[in-house]
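For reference, the structure discussed in these notes is given below.
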Amino acid sequence: MLPSKVMPSSQSLAISVKNTFEEWLVKDAPTLIYMAKATIAALLAMFVSMTLTLADPRTAMFTTFIVMQPQSGLVFSKSYYRVLGTIAGVIMSVLMIGAFAQEPKLFIFFFAIWIGITTAAGVKYRNFQSYGFVLAGYTLCIVALPVIEQPMEIFQIATSRFSEVMVGILCATVVSEVLFPRKLSDSLLSSERERFENVFASLGNISSLFGAQDTKDVDVVKFSSGVVGVHAIAVNSVFESATDKRNRLYLEQLNLEFMHLSTTFHSLKNIIRDIELRASASTVDALKELYTPFAKVLQSIPKFNDAGFVDMLNQLKELKESTHSQVPINLKSDEYDTFNSAAYLVTRVVEEYFIYANSYYAYIKLKSSGKVSKELTRVVRFKTHTDNVLVALAALRGSGVLLVTMAFWLLSGWKYGTLTITMSVVIGLLIGTLPRPLDAVMNFLKGAVSAAFVAALYDFYIVPEYTTDVYTLGLVIIPVFAFVGWMTTRPKWTGFSLGFVFLFFSQSSFDLYYKIDPTTFMETTIASLLGVSFAGAAYILVNFWSCSLSQRRVAKVLRGQIVYLCNAPLNLQRGSLESLGRDMIQQFSTQGRLNNRSSRLVYEWLLTTLEIGGAIMRIRKNLNRLEAECKLVDQTLEAIKEYFQTPTEALKQTLLDSLESTIKSLHVKQKEEIHIIAQLSLIKTILLSRVSIPVFKEDSCR
Amino acid sequence: MPLDITLYGIQMPTLLPIFVIVAILQVTVDSIIAETGLYRHVWHPGLFKVALFVCFFTLPCLYIYH
C-alpha cells in the first residue's frame, strides 16, 4: 500500500475508515453477535419454560448460559454431555433416595463415593466429557438433597429438573445454529493456515536455528497446548454434521504431521545449541551448509497460491533426494557422531516438512474446491495420559468436601445447609477441571458476591417495581444476560463468570410468581457463599502436590515409556507416543503446579524421551528389516533399558561404552547399517549433551 | 391416538416418545444429507435442519391433536 502522505486526504480517510470497519467486523462484531445470541437463547428459554409452567425456569436460563459457546459444534458437544450427565445424575438420585432414604449413614457414604468417582472421572477425561461427569455428580445434590425429608417428591423434582435442562439445551442449540451460525470447521481452517504460516516462517529463518539465544522463556505450554487444543476442537467438530468425515480425517492427519515436525525441529534446535557450545566451528558450518538449501527453498516462495505451492513441493522433493548424499569432508573423527545425529535430524525436518506441506496443500484444495487429491484412510489415534495421583487427589478432595459440608449441615441443623453442600460440591467438581484451581475459586467467590448484589437489586427493586408479566420481566433482565454473555467470551473471566452465573440464577426471583423475602434471600446467599469458602479451603488444604513430586512423576512416566519401547510391538504409531507425551505435559502444567523453570525442564525431558524412544523404535525396525542378528545392537538396547529402569551414573557409563563400541564396529561393516548408526549416534549425542534426560535431580526444583 | 400413554407403568404424554423417535430420525436423516454433500447447496444449513425437525415433529403432533 502507498504511504498515506502521497494520497489525497479524503481518500486516505476513506481507507482508514474502511480498515477500521473491517477490523471491527473481525474482532468486535463476533463478540456482539455472541452476546445477542446468548441473550436471545436465555430469553427464549425463559418464555418457553414459563409457558410450560415448569417448576424452576431459572435452571433453563442457567443451562443456556452454561452450554452457550461461540461455535455451534461446541454447543452441540457440551449439550450432548450435559444431557448424558443429567440423565446419569437423575437416575442415581432416584436410586439413592429409593434405597437409602431411611438410612442417613449409608446415604452419606454412597453419596461421598459417587462424588469421588465423578470428580476423579472429571479430571481423568478431556474436553466436555469431563463436564458430563461433573454434571452427573452435582445433579445428585440438586435433585436428592432438597427432597431428603419428603422422599416421595423425588420423581417430581427429577422430571422437572430434566425438562428444564432439556428446554435450556434446545433453546441454546437452536439459537446458535440458526442465528449467525459459526462453524468450528471454519475456525479450524483459519487456525490451520496461521499455523502453517508460522512453521513456514520459522523454518525459513536460519538464525532461528543457528546461533539462537538460549531462550529461557520458551513457551512450553504453547508447544503442547497447540496440538492438544486443535485435537480437542477437531473432536468436537464431530457434532457438526456438515463437517464431513473426510475433512476431520485431514485435520487429524495435519495435526499429527505438525506434531512430528515440531518435535523434530525442537530437538534439532536443542542439539544445535549444544553443538555450538561443545563442538568445533567446522561441524556447525557443515550443518549450516546442510540446512541452507532447505531454508533457501522456503525463502524463495513469495506467496501461497496454487503455483507457489506446486513449485515449492517440487523443489522440496528434489532437495529431499539430494540431502541424503551429502557427506561431510573435513570433520574430526570424534565429532563425527555428533554431526551424524544432527544431520539426521536435518534430513528429517526436510522430509517431515515435505509431508506436512503436501497434506496442507491437499486440505486447502479440498476446502476450496471439494476435490480430494490425497485419500486418507488411516485414523490417527490420539492418546492421553492422566496421572493417577492427580486423579486420586481430586477424588479425595471431592469426597472430603462433601463429608465436611454434610457434617456442617447435620450439626448445625440449618435449613439451608443443603445449599452449602451443593455449592461446595459444584465448585469441587467444576473448578477441579480448570487450570490453576485456587485462583479460579477466588474469582468464583468474587463473581458470586457481585451476583448477590445484582440479584438483590433485581429481587427487591427492579422486579417488584417494573415488571408486570413475563414480557416486562424479559425486558428488564436483558442487560444482565448481555453482561453474562460478554463475560463468557473473556477467557480471563472464566471463574468470575461461573460464580456470577451460579449465584445470580440461584438467588434471583425469576419464577412463575414472586416469592422471595429478604430473610430467605440473606440466608440462602450466606449458605451459598459458605459453600464457596468450604470448597476454597479444600483446595488450599488438599494440595500437597509439589513441584518436586510433579517432576518425579513426569520423569518416571517418561522413563517408563523408553523402557516400554525397548519391547513394544513394532507397529506402534509414533503419533500415539508423541500425543501421549504432550497431553501429559499439558495436564501437569495446568494441574500439577510446574513453575516456569521446571516446565522448561520437563519440556526438554519430553523432547529427549521422544527422540530416544523414536530412535529405539527405528533401530528395532531396521534390525527387523535387515533380518540381521546383531548381538552388539541388542546389547546396547538392553543397556538403554537398564539405564532408564534405574538411572545411575555407573549404568550410564556402561551404556555410553556400549554405544561407542557398537557404533565403531558397525562403521567397519557394510553400508546397510548406516541407518542404525545414525540412530545410535543420536542417542549418544543426547546422552552426552547438556540437554537433560528424564532423570529427576533434587536441586532442579529450587 | 391418545394424549397420554403408559410405558412400563409410567404415564407420560405421547409427545415424549414421539420426540425421542423424531430425534433419532433427525440424526439419521442429517447424517445422510451430510454424507451426500447436499448441505453444500443449502443456503442456511442450520435453519434447514431446524425446519426439517419441525416438519418431522409436527406431523405426528397434528395427528394426535387434530
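Just for segment A:192-201: of the residues that are surrounded by 15 or more Cβ atoms within 10 Å (Cβ to Cβ) and not β-branched (Val, Ile, Thr), which one is farthest from the other protein chains (Cβ to nearest Cβ)? Per the stated criteria, the residue is A:Phe200.
Residue check: is B:Ile24 in contact (Cβ under 8 Å) with a residue 12 or more places away in the chain and either more than 12 Å from chain A (Cβ to nearest Cβ) or out of contact with any Pro (no Cβ under 7 Å at 6 or more places or on another chain) (or both)? The answer is no for B:Ile24.
Quick check on B:Phe53: is it within 11 Å of another protein chain (Cβ to nearest Cβ) and either out of contact with any Leu (no Cβ under 7 Å at 6 or more places or on another chain) or outside any helix (DSSP H, G or I) (or both)? For B:Phe53, the condition - within 11 Å of another protein chain (Cβ to nearest Cβ) and either out of contact with any Leu (no Cβ under 7 Å at 6 or more places or on another chain) or outside any helix (DSSP H, G or I) (or both) - is met. Scanning segment A:521-542 turns up at least one residue that is at pLDDT below 85 and part of a loop (DSSP other than H, G, I, E, B). Within segment A:514-534, track down each residue that is free of Cβ contacts under 8 Å to residues at least 60 places away in the same chain and among the charged types (D, E, K, R). Scanning segment A:514-534 gives A:Lys515, A:Asp517.
A count restricted to segment A:489-537 and to residues that are acidic (Asp, Glu) and under 18 Å from A:Tyr461 (Cβ atoms) stands at 2. Among the helices (runs of 4 or more DSSP H) confined to segment A:65-183, the ones with at least 2 residues that are within 14 Å of chain B (Cβ to nearest Cβ) and surrounded by fewer than 23 Cβ atoms within 10 Å (Cβ to Cβ) are located at A:72-100, A:154-178. Checking each residue of segment A:658-678 against the condition of being under 16 Å from A:Gly614 (Cα atoms), touching a Lys or Arg at 6+ places or on another chain (Cβ under 9 Å) and at pLDDT 80 or above gives no match.
Residue-by-condition table, conditions (1) at pLDDT below 75; (2) assigned by TED's automatic domain parsing to the domain that holds A:Arg618; (3) buried (at least 20 other Cβ atoms within 10 Å of the Cβ):
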site	(1), (2), (3)
A:Gln315	no, no, no
A:Glu335	yes, no, no
A:Ala343	no, no, yes
A:Thr377	yes, no, no
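For residues that are part of a helix (DSSP H, G or I) and of a type in the set (Phe, Trp, Tyr), tally how many sit in segment A:497-520. Total satisfying the criteria: 4. Checking the structure you have, find out if any residue of segment B:56-64 is open to solvent by 70 Å² or more (accessible area, probe 1.4 Å), within 15 Å of the chain's Cα centre (by Cα), under 26 Å from A:Phe162 (Cα atoms) and of a type outside the set (S, T, N, Q). Yes, segment B:56-64 contains at least one residue that is open to solvent by 70 Å² or more (accessible area, probe 1.4 Å), within 15 Å of the chain's Cα centre (by Cα), under 26 Å from A:Phe162 (Cα atoms) and of a type outside the set (S, T, N, Q). Considering segment B:1-21, and only residues there that are in a helix (DSSP H, G or I) and without any contact (Cβ under 8 Å) to a residue 12 or more places away in the chain, the residue that is farthest from the other protein chains (Cβ to nearest Cβ) turns out to be B:Ile21.
Could you tell me whether any residue of segment A:167-186 is of a type in the set (D, E, K, R) and free of Cβ contacts under 8 Å to residues at least 24 places away in the same chain? Checking segment A:167-186: at least one residue is of a type in the set (D, E, K, R) and free of Cβ contacts under 8 Å to residues at least 24 places away in the same chain. Restricting the search to segment B:27-45, which residues are open to solvent by 70 Å² or more (accessible area, probe 1.4 Å) and at the interface with another protein chain (Cβ under 9 Å from one of its Cβ atoms)? Hits for segment B:27-45 are B:Val27, B:Glu35, B:Arg40.
The values are calculated or read from the model by the stated rules, or taken from the named source; none is laboratory data. Keep in mind that this is a model prediction, so the values were computed, not measured. Quick reminder, even Gly has a Cβ in these numbers, built from the backbone with ideal geometry, and neighbours come from all protein chains shown. The area values use the complete protein model at the heavy-atom level, side chains included, leaving out ligands, DNA and RNA. Shrake-Rupley method; radii C 1.70, N 1.55, O 1.52, S 1.80 Å.
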